Amino acid sequence: MLNWWLPENVATFGDEIDWLFHLIYWITGITFVLVAVTFLAFLFLYRDRPGRRARYTHGSTPLEIAWTVTPTLILVVLTFLSLPAWSRIKMSMPQTDFVVQVRAKQFNWEFTYPGADGKFGTPDDKTFLDEMHVPTGKPVRINLGARDVIHSFFVPQFRFKQDAVPGREIAAWFEVRKPGKYEAPCAELCGFGHSGMKAWVFAHAGADYDTWAAENLKGEAAPAAAGAKPADATPADAKPADAKPVKTEEKAKR
Amino acid sequence: MSATTVHGHAAHAEHEHHDLGFIRTYVFSTDHKMIAKQFLFMGLFMLIIGGALALVVRWQLAWPETPVPGLGMILTETGGVIEPSHYNMAFTMHATIMIFFVVMPILAGAFGNFLIPLQIGARDMAFPTLNMLSFWTTFPAALIMIAGFFVPGGHAAAGWTSYTPLSSVAQYTGVNWGQNLWCISLFVMGVGSMMGSINYITTIINMRAPGMSLFRMPLALWSLFITAILLLLALPVLTSAAAMLLFDRTLGTNWFNPSQGGEPLLWQHLFWYFGHPEVYILILPAMGIASEILPVFCRKPIFGYHAMAFSMIGIAFLSWIVYGHHMFVSGMNPMLGLTFTITTMIIAVPSAIKTFNWLGTLWGGRITFPPPMLFALGFVSMFVIGGLSGIFMASTPVDIYIQDTYFIVAHIHYVVFGGSIMGAFAAIYFWFPKMFGRMTNNALGHVHFWLTIVAFNVTFFPMHIIGVGGQMRRIYNPMQYEFLQHQQHWNVIMTVGALVLGFSQILFAINFLMSIASGKKAPANPWNANTLEWLAESPPPHLNWGPRIPTVYRGPYEYSSPEGPEDWLPQDRLVVASSS
Amino acid sequence: METTAATRAVTHILPGKVGVWWFLASEVMLFGGLIGSFIVSRLGSSGWSGEAAHLSVPVAAINTLVLLTSSMTMVMAFGAVEKGDPRGLRTYLFLTVLLGLTFLGIKAYEYSSEVAAGFTPVTGLFWSFYYTMTGLHALHVLAGIITNLALFVMARRGLRNQHRVELAGLYWHFVDIVWIFLFPLLYLT
Amino acid sequence: MTTERARPNYVAVWVWLVVLMIAGVLASYLPFAKSAVIFLVFVIAAMKALLVALYYMHLKFESRLIYAMAIVPVVLVIGLTFLLFPDLVFHH
């Protein structure tokens, strides 16, 4: 049900989000149908007819208590179902050795891999423009930052979204289950090139990823941005080149 | 001591009664009813601008990068094709104008001014001159906002939320004076709103007619009272944040510029600390108006008056501690996310209470369906959808996915258009006879309602669907994304709906203007309603009442009371106990 | 008509007083937004004590004294109104205006010496906060001076609406209270 | 105006204010821990503000309505400041 509505989910915590989404969908859907049916029935039943007088009542305390307590209970239950999922997604970080540094700028994504030494900020770092490669079945940690304005890293099929805020580095994670090529648009208005600012996330099954990494991460020359542009570049993609130079100095961690 | 001073005001006002020139009667009037009309006309005029901007945005989304009919005259260099910078400007200004210069002036400005003195049985506001100044500060604010369209670099294009540093560093958007004027206009508007709010609050606290206790006040007054308090306390926070933004842009300070030690998230916190009460500023008056209209056309008392009043008070308190739900994925500390989830879930309860009480009001009524009632019912039904879709966002994990998608756009439009604007239409149709002394055309009103509600749902309901499908808000061209292309047909349907919605408002304009000019003369109480404003003539004279101020003996919703033979019992009628 | 025209006040508070108190509530939020941001920014960044050390505590202390004293003269002007002493009212209003101007004068001296030392609003975040908060406060002092001056002129002609002195006083004391907090926030910590 | 109401001795309040101001300035030089000094300085500032509000603004003699008007915004501002803490103070 509703698969035509939500895009396919391929990441681990997406299940929890989708489950909650469907739960709320049913709760609100049933509430809506009940309210709408009552509403329309009342409008029909109590339409003005000659000789009838309206019921003179100022309310009913038991009824009002009932319809205060019921939604409260439902919402409390929803709260307690939401909070654990939130803390699993946002407040805990699974152990992983796979870390990618993501930097947003007007209007591209930069993905930096630490290279052979496993450290960022060393000469063997490899940076890719608008293209990210991850293995499946392994938690991926991303350290998200921005060079100019606020952007948001959104991968619909991972149910992943996190704003990239200049001046701070935000750690986030996801784990992909299904190999494929997924679109990662920017979800926070970041200027006139906001629309069309997107990256592709390639999820490779274990061995395929190793092959890719061997070819692209271990070599000498950093293939930054080589072939990173997807073929279907749209006119807006070309725009950033015309943009006035923007400040790219990144604030050192205070 | 106090009585003499208040008395002094009224007596003073009476000396001015006669021989006021044109300027004092129609332009710099201190009469609350004239000021209400000024706010109403200003709001409706700005509605045209805001609506036109919305249609431009919709056109671009349905048929990207094709010339917009008629826009070629303005955008000569592109032949009417919207460029991304135009597009960002259009949605930014659509939201800014609709929120600050349409909904607030119409609901709080026009109906606040019109209803407060009339419904509490006062002759005018507590501070009539301040009231006049309030309009004449809000109006220049609107002019400053419009002026932004004509400055080099275009108007503000960083979204109505103006997230920093996109808004605070000119080179990120290429907008220069547009954003500055945006800040200045909001300052000035803030001052105007402050004057208005002080007036509303003081009038309601001090000037109620004899017998008008707080719990005999019509619910519209409760809502306006609470709205005024929220306005008074929320807007200054925006003002100080906008001052910081303006200094960042003009003087070169660096509050929000992270490369110089500033903190972009500070803006979001300050903005939403104002912004969430603002949401309730927009919707509370509409709730009050619906609570006012439903009993009249159901001919029965409002269901659970006290629950209605207390739920509004509850909303007002809670609105200060839920603002973080706008920032769940902003990089805000996840601990705060936990806290704000709980408060956000709680704030849904008062809204639920209100909805059920409106349903309770319908139960057992004797319902008639003139245009004001249709719009009030439209408000209730659309608010139900808007309220329920809010629960998705309150659940933080779900919000991670739907934040910044069209689902949010759908939600806000169900609340602000389906809620506030429907409420505004209901109020205009309902109080039109009192404001202008003439009736509106019933048939046109019906057609206007049905076109509006159908086109509204065609326009905004699919936004839920494409939002869940992943379409981000504020994107210029959905066709740039492969995962969105399969749902592009919805964008076309929505735009067709929006065009119908926009053009069906012409019917309203015709009805409104024709009725002012040549509508049927309205009796004092065309709807057989109970509240005090219907005791005055239509339109009420200067100082509202004849020689005697009404005295209040009962609550505002005594319809079909067994005490009298008729099915209404005005608040001021003294019933000699015979039946009970 | 005269007798019934009066709307009976439901509360026993002057409308003007209710209005001014709500206005002050709004002002609290205006200053509060800035002060709250200042407090968290200050706690969140290091090195601001060094910046604050460039401010002159003695000058600010004298200014505090001036403003506290002006609050006293303002309230004594109100006392004179209560006692029906028009001469005292004029004297105390005049003193209040004078003290307010003294405050602004000292503040201007302070600004000029700071700017001369190279600290402008764009020197750093601390200075942005400093100039904005004290500048906003100075604007409020200026508005208070103008109000008091207007009252003084009215008092010379024989003031009819005497409660206006109380209302202007409420505002003046509020401006004083803001300074009472700005002083330690900016200078003493 | 209600002349029969007892009014405080404004000069005495002023003396207290001046004493507290001097105390505040001196306190800032005390050789204690930084946080203790700041706490002390702000307690003194709050006392001064209270004196002005209670006696000069006559809050002591006003109805509860006026109290509410004075307290609500202060509570809101304190609330805002606390809500800002996690993001702007503790994030390093």
At R0 = 45 Å, how high is the FRET efficiency between B:Phe28 and A:Val77 if r is their beta carbon distance? Nearest 0.05 is fine.
0.20
Around A:Phe202, which amide H atoms from residues at least 5 apart in sequence, or from another chain, sit under 5 Å from its own amide H, with H modelled in the peptide plane?
A:Met132, A:His133, A:Val134, A:Tyr182
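With a cut-off of 8 Å between alpha carbons and a minimum separation of six or more residues, what is the relative contact order of segment A:131-225 in percent?
Working: 171 pairs, mean separation 31.4, N = 95.
Averaging sequence separation for qualifying contacts and normalising by length gives 33 percent for segment A:131-225.
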Per Stokes-Einstein, at 20 °C and 1.002 mPa s, what whole-number D in µm² s⁻¹ belongs to chain C, with the Kirkwood radius over Cα pairs as the hydrodynamic radius?
118 µm²/s
Under 18 Å between alpha carbons, and skipping anything fewer than 8 positions from B:Lys300 in its own chain: which aspartates and glutamates qualify?
A:Asp48, A:Glu64, B:Glu292, B:Glu558, B:Glu563, B:Glu566, B:Asp567, B:Asp572
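When only C-alpha pairs under 8 Å and at least 6 residues apart count, what is the relative contact order of chain B, in percent? Please list the in-between numbers first.
Values: 957 pairs, mean separation 89.7, N = 580.
Relative contact order, chain B: 15 percent.
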Please give the Cα centre distance for segment B:354-369 versus segment B:454-533, rounded to the nearest Å.
25 Å
Under 18 Å from the 7 Å Cα→Cβ point of C:Leu101, by amide nitrogen: which residues of segment C:70-86?
C:70-71, C:73-74
Simple spin-label model, 7 Å along Cα-to-Cβ: B:Trp63 to D:Val15 in nm?
8.5 nm
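For segment B:186-315, what class follows from the C-alpha gyration tensor (a ≥ b ≥ c being the square roots of its eigenvalues): rounded when a/c is under 1.5, otherwise prolate if a/b is larger than b/c, else oblate? Let's see the in-between values first.
Details: a/c = 3.76, a/b = 2.46, b/c = 1.53.
Cα axes put segment B:186-315 in the prolate bin.
Based on the Cα coordinates of chain B, what is the per residue volume of their convex hull in Å³?
Considering the Cα atoms of chain B, their hull volume per residue is 164 Å³.
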Residue ranges of DSSP H helices in chain D that stretch 30 Å or more (Cα, own long axis) and have mean Kyte-Doolittle hydropathy of at least 0.5 are D:64-88
Among the aspartates and glutamates, select those whose C-alpha is under 14 Å from the C-alpha of C:Lys17, and discard any that sit fewer than 8 residues away in the same chain.
C:Glu166, D:Glu62
Using a Förster distance of 45 Å, how high is the FRET efficiency between C:Lys83 and D:Ala68, based on the Cβ-Cβ distance and rounded to 0.05?
0.90
Model label zone, A:Ala213; criterion: amide N under 15 Å from point 7 Å along Cα-to-beta-carbon; scope segment A:136-175:
A:136-142
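Between A:Tyr56 and A:Ser87, what length comes free when the chain is fully extended (0.36 nm per residue of separation minus the Cα-Cα distance, one decimal in nm)? Write down the numbers at each step before the final one.
Working: separation 31, 0.36 × 31 = 11.16 nm, distance 5.03 nm.
Full extension from A:Tyr56 to A:Ser87 adds 6.1 nm.
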Using θ = phi - 60° and the Karplus relation 6.51 cos²θ - 1.76 cosθ + 1.60, list the HN-Hα couplings for segment B:550-556 in order, rounded to whole Hz, with x at every Gly or Pro.
x, 10, 9, 10, 7, x, x
Which FRET efficiency, nearest 0.05, do B:Glu482 and B:Thr76 yield, Cβ-Cβ r, R0 35 Å?
0.55
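Using the Cβ atoms and a cut-off under 12 Å, what net charge is assigned to the surroundings of C:Phe119, where Lys and Arg are +1 and Asp and Glu are -1?
Values: positive: none; negative: C:Glu51, C:Glu110, C:Glu114.
Charge balance in the 12 Å sphere: -3.
Net charge around B:Leu130, counting only other residues with Cβ within less than 15 Å of its Cβ (Lys, Arg = +1; Asp, Glu = -1)? Don't skip to the answer; put the middle values down first.
Details: positive: C:Lys17, C:Arg164; negative: B:Asp31, B:Asp124.
Within the 15 Å Cβ shell, the charges total 0.
Under 15 Å from the Cβ of D:Ala49, count the other residues' Cβ atoms, weight Lys and Arg +1, Asp and Glu -1, and hand me the total.
Details: positive: D:Lys48, D:Lys60; negative: C:Glu27, C:Asp176.
Neighbourhood net charge equals 0.
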Note on segment D:1-61: contact order normalised by length, alpha-carbon pairs under 8 Å, 6 or more apart, percent, works out to 36 percent
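To make sure I understand, if each residue's beta carbon is the centre and we count other beta carbons within 10 Å, what order do B:Asp572, C:Asp85 fall in, fewest to most? List each step's numbers first, then the result.
Numbers: B:Asp572 21, C:Asp85 15.
Fewest to most other Cβ atoms nearby, the residues stand as C:Asp85, B:Asp572.
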List C:Thr134, C:Thr64 from most exposed to least, where exposure is judged by having the fewest other Cβ atoms within 10 Å.
C:Thr134, C:Thr64
Tell me, how many Å apart are the Cα centres for segment B:305-352 and for segment C:161-189?
34 Å
Share of antiparallel DSSP beta bridges in the protein assembly as shown, in percent to the nearest 5?
70 percent
Go through A:Lys161/A:Lys218; C:Lys107/D:Lys34; A:Lys90/D:Lys34; B:Lys37/B:Lys520 and tell me which ones have a Cα-Cα distance over 25 Å in this structure.
A:Lys161/A:Lys218; C:Lys107/D:Lys34; A:Lys90/D:Lys34
Can you give me the span-like helices of chain B, meaning DSSP H runs with 27 Å or more of Cα extent along the axis and Kyte-Doolittle mean at or above -1.0?
B:32-62, B:128-147, B:177-206, B:219-250, B:264-298, B:334-362, B:371-394, B:442-468, B:488-518
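For D:Leu50 and D:Ile78 in one chain, what is 0.36 nm times their gap in residues minus the Cα-Cα distance, to one decimal in nm?
Values: separation 28, 0.36 × 28 = 10.08 nm, distance 1.61 nm.
That pair, D:Leu50 and D:Ile78, stretches by 8.5 nm at full extension.
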Ordering of A:129-137, C:165-173 by packing [mean C-beta count within 10 Å, highest first]
C:165-173, A:129-137
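Assuming a viscosity of 1.002 mPa s and a temperature of 20 °C, what translational diffusion coefficient in µm² per second does Stokes-Einstein assign to segment B:338-468, Rh being the Kirkwood radius over Cα pairs?
Values: Rh = 16.1 Å.
For these conditions, the coefficient is 133 µm²/s.
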Label model pair A:Thr70, B:Leu20: point-to-point distance (7 angstrom along the Cα→beta-carbon line) in nm is 5.1 nm
With label points built 7 Å along Cα→Cβ from the Cα atoms of A:Phe44 and B:Val151, find their separation and express it in nm.
5.7 nm
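Computed from the coordinates by the stated procedures, all read-outs in this text should not be read as laboratory data. Computed from a predicted structure; not experimentally measured. So basically every Cβ, Gly included, is an ideal-geometry build from the backbone, and we count neighbours across all protein chains shown.
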